[in-house]
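Any read-out appearing in this document is the output of simple, stated calculations on the displayed coordinates, not a laboratory observation. Remember, it's a predicted structure, so these values are computed and weren't measured experimentally. Cβ placement follows ideal geometry from the backbone for every residue including glycine, while neighbour counts extend to all protein chains displayed.
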Amino acid sequence: MAHWFHRNPLKATAPVSFNLYGIAGSPAANKICNDLRTTRARLLEMFTDVTCTPEIMKNATDAYFSLLQGFIAYLDGTTQENKLRYIQNFKWTDTLQGNAASAQQDAVFELVSMGFNVAVWYSKYASRLAGKENVTEDEAKIVHKSLKVAAGIFKHLKETHIPRLITPAEKGRDLEPRVIDTYIVQCQAEAQEVTIARAIELKHNANLIASLAFETANFYQKADHTLNTLEPDYSSKWRKYLQLKQHFYMAYAYCYHGQTLLASDKCGEAIRSLQEAEKCYSKAEALCKEYRQTKGPGTTAKPSEQLFFLKLGGLIKNTLEKCQRENGFIYFHKVPAEAPSLELKASYGLAEPIGFEFPPVSDQCTPEVYATFDLTKGAKDEKAKSKQDEEVKPVKEPDLKPQKDTGCTIS
């Protein structure tokens, strides 16, 4: 069961004080600023807390985003731009470009950057849970859902909020279409891996498993092609992961398609399908080695030595030997020179992103309180305190180490 996932690092960010002394002209306005600072700090802590669950994460995100919306939404009864949107500077790194940070004085930039990190957290939570020993059915469902939630957040940011940025995302940055599209497709593909594992566990129809594996391989191929114009220094390791997963699931597809052909008394074609599975598996094995040797952001692991990888190799070998035995005793079919064409379409089990919306504006952010923010006063000493050239420190996260693989059998 292939529950090993490559993960890029979390985005890092500079501290934000929200010290709008002078501008915040009432106790209620000052409380909003104080609460923004504390809820932001709390949310950042949750990203690296191994005890954090999706429920805890949702509470932390709702608390912060509902207040941040008070700097973005229309609060004065008109459709004019929120006067607080451009008052605070935010600085973020990217998941692919190390400590190189970009800054924008725009609350929407903060919304999409923090939202992006929330999506990355859900994908990392799924990866960590899938790496546990003896994954239960309920835990497998949480892994599956978390990956679809992550895909839904990425999709919502791309379609609704990133287009609102005044300064477009630079090439190769997280918020540009190639990168965020890859994250969406990767999450969908990984969610389907959980479905495939479940289908194998319950011994579902071989054609269904082959179809799901084929669709999953195509997802990985699409994700890889989306990254092919990115700078190799940043994307090569990620692409090796996507490529090895593509060939791995093509091997799965040909293996189970061979079983379908054998059940239909097409033994020669079944042998050729299994031979193609062997080729795809060997290619995936070579890509595993390349993945380990490629430098770049993300996790380090030896996927070809993990149980999920070794189990597929054994399955292909045993199934091919069975087909060859049957052909030698019963069928005597000629083995075609060309591999069978995989025109498989899964009717069930395809993973779609779960819809996501940011929480509504906090009850604290009323039009009356909004009116007490006076931009003509100017924040005291805020410019002096802003350190534009300060390096943003990378996030110390617990799950960048290789996970222990147990085959991830769903019990």
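Dividing the convex hull volume of the alpha-carbon atoms in region 154-295 by its residue count gives 105 Å³ per residue.
Inverting the pair-averaged 1/r between distinct Cα atoms of region 1-90 gives 15.3 Å as its Kirkwood hydrodynamic radius.
At a threshold of 8 angstrom on Cα-Cα distance, excluding pairs fewer than six apart, so keeping six or more, what relative contact order does the chain reach in percent? Relative contact order here is 29 percent. Ordering 370, 258, 360 by the projection of their Cα atoms onto the charge dipole of the chain, which places +1 on the Cβ of Lys and Arg and -1 on the Cβ of Asp and Glu, puts 258 at the extreme positive end. Shown here: Cα extents along the principal axes in Å, derived from the displayed model; of the candidates (i) 74, 54, 53; (ii) 91, 36, 36; (iii) 79, 54, 34, it corresponds to (ii). Of all aspartates and glutamates in the structure, the ones whose alpha carbon falls short of 15 Å from that of residue 289, not counting any fewer than 8 places away in one chain, are 305. Which of 91/158; 31/148; 132/317; 11/295; 148/203 have a Cα-Cα distance over 26 Å? Correct reply: 31/148; 132/317.
So which trypsin sites (Lys or Arg not before Pro) in region 218-300 pass both tests, a DSSP loop state and at most 14 other Cβ atoms within 10 Å of the Cβ? Let's see the in-between values first.
Numbers: sites: 222, 237, 239, 240, 245, 266, 272, 279, 283, 289, 292, 295; in loops: 266, 295.
Qualifying residues, ordered by number: 295.
Could you work out the relative contact order of region 249-289? I mean the mean sequence separation of Cα pairs under 8 Å and 6+ apart, divided by the number of residues, in percent. Once divided by the residue count of region 249-289, the mean separation gives 44 percent.
If I take R0 = 25 Å and measure r between the Cβ atoms of residue 341 and residue 278 in this structure, what FRET efficiency does the formula 1/(1 + (r/R0)^6) give, to the nearest 0.05? Show your work: numbers first, answer last.
On the way: r = 18 Å, r/R0 = 0.71.
The calculated FRET efficiency here is 0.90.
Judged by the mean number of other Cβ atoms found within 10 Å, the most tightly packed of the peptides 392-398, 147-153 leads the ranking 147-153, 392-398.
Which loop GluC sites (Glu not before Pro) in region 1-86, with loop taken from DSSP, have no more than 13 other Cβ atoms within 10 angstrom of their Cβ?
Values: sites: 45, 55, 81; in loops: 81.
Loop-located and lightly packed - 81.
With viscosity set to 0.692 mPa s at 37 °C, what whole-number translational diffusion coefficient in µm²/s follows for region 218-279 from Stokes-Einstein and a Kirkwood radius over Cα pairs?
Values: Rh = 12.8 Å.
Rounded, D is 256 µm²/s.
Stokes-Einstein D for region 242-344 at 10 °C, 1.306 mPa s, Kirkwood Rh over Cα pairs, in µm²/s? Could the numbers behind the result be given before it?
Working: Rh = 14.3 Å.
The calculation lands on 111 µm²/s.
In region 190-211, whose amide N lies under 15 Å from the spot 7 Å out along Cα-to-Cβ of residue 311? List them in ranges. Once the point is set 7 Å along Cα→Cβ of residue 311, 193-204 turn out to lie under 15 Å by backbone N, inside region 190-211. Computing Rg and the Kirkwood Rh from the Cα coordinates of region 172-232 gives a ratio, Rg/Rh, of 1.12. Over all other residues within a Cβ to Cβ distance under 13 Å of residue 155, the charged ones net out to -2, with Lys and Arg as +1 and Asp and Glu as -1. A DSSP coil position with no more than 15 other Cβ atoms inside 10 Å describes the following GluC sites (Glu not before Pro) in region 104-202: 133, 170.
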